[in-house]
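The structure under discussion appears below in the form of structure tokens.
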Amino acid sequence: NHTSARLARGELSMCGVQARVCVVGPRASRVFHECPAKPSTFRKYYERGELPIAVKHENRGNSIAWKVDVETLDYHHYLPLFFDGLTETAFPYELFARQGIHDMLDRGGPKILPVIPQLIMPIRNALNTRNHQVMCTTVKVLQHLVMSADKVGEALVPYFRQILTVFNLFKNKRKNLGDGIDYDQLEKEDIGKLINETLQIFERYGGPDAYINIKYMIPTYQSCLMN
């Protein structure tokens, strides 16, 4: 009717005075927006020359060279410091932090488990950047961490509430390019796929309480062991 049409146009008549109403739509969700991180403590240590690493130039690309035997490192000091560097995306900080973590997890053995509580905050900070590169790197590091030594998976279960909040937001975020080739996905850079793989690893290595704690944080998760 005529009144409805006027309302649709945003025109109302109040006491003979016409007013134009501006209807504002809902605000766009920012849950997937990146949150830039400040320069890490890891970067500061590197720039001061206080890390036992250097760039190693090879034909196949750059890698890191350790100036000491990794097994002799103080893991309580260095492993959290390298995890702090997960927020970095620029060379050489990203390379050093990422490869340094994997090297230490490969060779840390029983030194890793006691350090778990110190790793939770840098893991959470990295995930909270919402940066695709940082998140993919961090999720792969989590996979390696869980399988790096006995009982590590179980030790992470009490910290699921701090880790899995971001997992729940991004677990269904998949790239869809139609008939195009998604090269990121071919290289396992699909964050949704990586998260689901990691949840399954958490369940497999997390002991009897892992599934119920995952399910509490991510209600849509389906067990990979019970089904």
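Quick notes on this structure:
- Of all residues in region 136-149, those that are touching a residue at least 40 places away in the same chain (Cβ under 8 Å) and on the phi < 0 side of the Ramachandran plot have Cβ atoms under 6 Å from Cβ atoms of residues that are open to solvent by less than 10 Å² (accessible area, probe 1.4 Å) and among the small types (Gly, Ala, Ser), 6 or more apart or on another chain, in THR138/ALA126; VAL146/GLY153.
- Complete set of residues in region 49-102 that are free of Cβ contacts under 8 Å to residues at least 24 places away in the same chain and buried (at least 19 other Cβ atoms within 10 Å of the Cβ): none
- Between LYS193, LYS188, LYS171, LYS140, the distinction of being surrounded by 15 or more Cβ atoms within 10 Å (Cβ to Cβ), modelled with pLDDT under 90 and not small (Gly, Ala, Ser) belongs to LYS171 only.
- So GLY109, is it under 13 Å from VAL141 (Cα atoms), in contact (Cβ under 8 Å) with a residue 12 or more places away in the chain and of a type outside the set (A, V, I, L, M, F, W, C): no
The values are calculated or read from the model by the stated rules, or taken from the named source; none is laboratory data. Bear in mind the structure is a predicted one, so any value in this text is a computation, not a measurement. Cβ: placed from backbone, ideal geometry, glycine included. Neighbour counts: every protein chain shown. For accessibility, only protein heavy atoms count, side chains too; no ligands or nucleic acids. Shrake-Rupley method; radii C 1.70, N 1.55, O 1.52, S 1.80 Å.
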